[in-house]
Amino acid sequence: MNGIEMLDLYEKNKHPNNNSRIYEIKLTTVSEILVISTRYYSPFNANDLFLERLVELQKIRDTFGLVSNGPFMAIFHEHYTAQFFCQSGDLEVLMPITKKNPDCPGIKYFGDFLAVTTLHVGSYPHLYYAYLALTDWVHNNGFEYSGPAVEKYIIDPTTAVKEENYITEVIIPVRKLAK
């Protein structure tokens with residue numbers, strides 16, 4: 001995504017009042033990508049940053065001569081609400097990469113599933129509103145959750161100083177309810 005596309009995305013999704021956001025919900029297939037991943041119990045509260053987990057992935061990437069290929073992501077293996085009320089939990093962090101290295105642990109494929117997604121502009125504690133919008137859509141359109149919530153950090157603390165400029169794609173895997 002180039003700078004003009006990022007600015008357009010930001011302008012389209014920013015809202016002056018976090019409580020009155022209108023989220024554009026999309027039903028889409030998340031494409032399969034190659035990633036490096038670590039998963040374990042660690043701090044993950046939305047009020048705090050877990051940048052040390054990103055640094056950990058960057059060290060793995062550099063140690064094994066990998067090339068990153070997209071934004072850092074996190075999977076909340078406990079219910080997505082845990083990040084707003086708990087300090088720690090089962091957190092998986094992922095970094096897209098361009099090719100495999102057979103010597104590197106933690107390389108896997110991620111994606112190839114149906115999901116509802118939306119973009120959130122602003123601080124991480126206010127991501128709760130994006131999740132509420134997605135949850136409403138899932139329940140009102142005959143779907144159910146089929147996996148844990150994923151956050152893709154398109155603009156994050158490593159690329160923006162002010163948290164009101166963060167852009168996060170919230171992804172919830174779903175499947176159609178049987179009739």
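Only one residue in P148, P105, P96 is within 25 Å of V55 (Cα to Cα), touching a strand residue (DSSP E or B) at 6+ places or on another chain (Cβ under 9 Å) and surrounded by fewer than 15 Cβ atoms within 10 Å (Cβ to Cβ), so which one is that? So that I can check it myself, show each step before the final result.
Numbers: P148 fails: surrounded by fewer than 15 Cβ atoms within 10 Å (Cβ to Cβ); P96 fails: surrounded by fewer than 15 Cβ atoms within 10 Å (Cβ to Cβ).
Of the residues listed, the single one that is within 25 Å of V55 (Cα to Cα), touching a strand residue (DSSP E or B) at 6+ places or on another chain (Cβ under 9 Å) and surrounded by fewer than 15 Cβ atoms within 10 Å (Cβ to Cβ) is P105.
Take the conditions (1) in a helix (DSSP H, G or I); (2) touching a Gly at 6+ places or on another chain (Cβ under 6 Å); (3) of a type outside the set (S, T, N, Q); (4) closer than 14 Å to K26 by Cα; D136 misses just one of them, which is (2).
Results for (1) at pLDDT below 85; (2) among the polar types (S, T, N, Q), shown as yes or no for each residue.
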| site | (1), (2) |
| --- | --- |
| M6 | yes, no |
| Y10 | yes, no |
| H15 | yes, no |
| R21 | yes, no |
| T29 | no, yes |
| F44 | no, no |
| E56 | no, no |
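Tell me, please, whether a residue that is more than 18 Å from the chain's Cα centre (by Cα) and not aliphatic (A, V, I, L, M) can be found in region 64-84. Checking region 64-84: at least one residue is more than 18 Å from the chain's Cα centre (by Cα) and not aliphatic (A, V, I, L, M). Restricting attention to region 136-164, the residues that are at pLDDT 95 or above and of a type in the set (S, T, N, Q) total 3. Taking every residue in region 24-41 that is under 29 Å from H139 (Cβ atoms) and pairing it with any residue that is among the charged types (D, E, K, R) and modelled with pLDDT under 95, at least 6 positions away or on another chain, the pairs with Cβ-Cβ distances below 9 Å are E24/K12.
The values are calculated or read from the model by the stated rules, or taken from the named source; none is laboratory data. Every value quoted in this text rests on a predicted model; they were computed, and no experiment measured them. Note that each Cβ is placed from the backbone with ideal geometry, even for glycine, and that neighbours are counted across all protein chains shown.
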